[in-house]
Ligand code: DHB
Ligand code: MG
């Protein structure tokens, strides 16, 4: 038997069917997002389940998400927390933020989630000034050029033992090209390189291959 991209896609579906089923609500959110013309760059179901496992691992009661998009990953994350949980999710695009708010209400998790519309760096600075309790988990999935700055601010806003995840840090293997001129690739390369000698976290990059393009996620714990 030869293993190829189709095998990886089928294995992803196999794992999803076993352990990461989308219910009608998650499927409905994807349908809403598609109808609104959003790019299908949402996480996969098994990545959603991975986020839930990580949220439970650190006992997350306060989660921060950068890059709400249509709120699909937001709902996976919100569902990993009890009723007292709080999730702040940041979205730069006003139309996406409104769509996400509707999806979050549709999913019945609006009490746990607040959408902050604005550029992530601005909202992060504002959050830092609000003296909120630290976050237990941060999911970074916003625009790629400032990923290193997002990560550093995420660490600042988190407690020791917090889990920080950053999506899309392999980009179909394009990170291997040190001469890349792609701003998204350069952005994630800056983060990945920083992690090599960054002592504030213990980190790894999980390569991911499945229903989505070949990519990877940073998974880190704050020291
Ligand atoms: C892109 C962004 C994402 O968050 C993702 O998961 C895939 C692609 C992008 O901007 O290209
Ligand atoms: Mg992503």
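Residues in region 88-136 that are without any contact (Cβ under 8 Å) to a residue 24 or more places away in the chain and in contact with a strand residue (DSSP E or B) (Cβ under 6 Å, 6 or more places away or on another chain): how many? Adding up the residues that qualify gives 1.
Applying the criterion of at least 1 residues that are in contact with a strand residue (DSSP E or B) (Cβ under 7 Å, 6 or more places away or on another chain) to the helices (runs of 4 or more DSSP H) found wholly in region 1-73 leaves 45-57. Within region 204-217, does at least one residue satisfy the condition of being more than 16 Å from ligand 2 (Cβ to nearest atom) and farther than 13 Å from residue 90 by Cβ? Yes: one or more hits.
Annotation: residue 70 fulfils all but one of (1) in contact (Cβ under 8 Å) with a residue 40 or more places away in the chain; (2) away from ligand 2 (no atom under 15 Å from the Cβ); (3) touching a helix residue (DSSP H, G or I) at 6+ places or on another chain (Cβ under 7 Å); the unmet one is (2). For region 169-196, filtering for residues that are within 15 Å of ligand 1 (Cβ to nearest atom), touching a helix residue (DSSP H, G or I) at 6+ places or on another chain (Cβ under 6 Å) and under 17 Å from residue 151 (Cβ atoms) leaves 8. Only residues that are within 13 Å of ligand 1 (Cβ to nearest atom) and buried (at least 19 other Cβ atoms within 10 Å of the Cβ) were counted in region 197-211, giving 2. Can you tell me which residue among 78, 36 is in contact with a helix residue (DSSP H, G or I) (Cβ under 6 Å, 6 or more places away or on another chain) and surrounded by 14 or more Cβ atoms within 10 Å (Cβ to Cβ)? On inspection, the qualifying residue turns out to be 36.
Hey, among the residues in region 212-223 that are outside any loop (DSSP other than H, G, I, E, B) and more than 15 Å from ligand 1 (Cβ to nearest atom), which one's nearest to the chain's Cα centre (by Cα)? Residue satisfying both the conditions and the ranking: 219. The single residue among 170, 104 that is under 15 Å from the mean Cα position of the chain (by Cα) and surrounded by 15 or more Cβ atoms within 10 Å (Cβ to Cβ) turns out to be 170.
Pairing each residue of region 182-204 that is in contact (Cβ under 8 Å) with a residue 40 or more places away in the chain and within 10 Å of residue 169 (Cβ to Cβ) with any residue that is away from ligand 1 (no atom under 15 Å from the Cβ) and assigned to a helix (DSSP H, G or I), provided the two are 6+ apart or on different chains, yields C-beta distances under 7 Å for 191/148. Scan region 95-108 and give yes if some residue there is closer than 19 Å to residue 167 by Cβ and within 16 Å of ligand 2 (Cβ to nearest atom), otherwise no. Yes, region 95-108 contains a residue that is closer than 19 Å to residue 167 by Cβ and within 16 Å of ligand 2 (Cβ to nearest atom).
Checked against the criterion of being closer than 22 Å to residue 35 by Cβ and surrounded by fewer than 22 Cβ atoms within 10 Å (Cβ to Cβ), region 120-140 contains not a single residue that satisfies it.
FYI, it's all coordinate maths here, none of it is from the lab. Bear in mind the structure is a predicted one, so any value in this text is a computation, not a measurement. Positions of Cβ are backbone-derived with ideal geometry, glycine not excepted, and every protein chain shown enters the neighbour counts.
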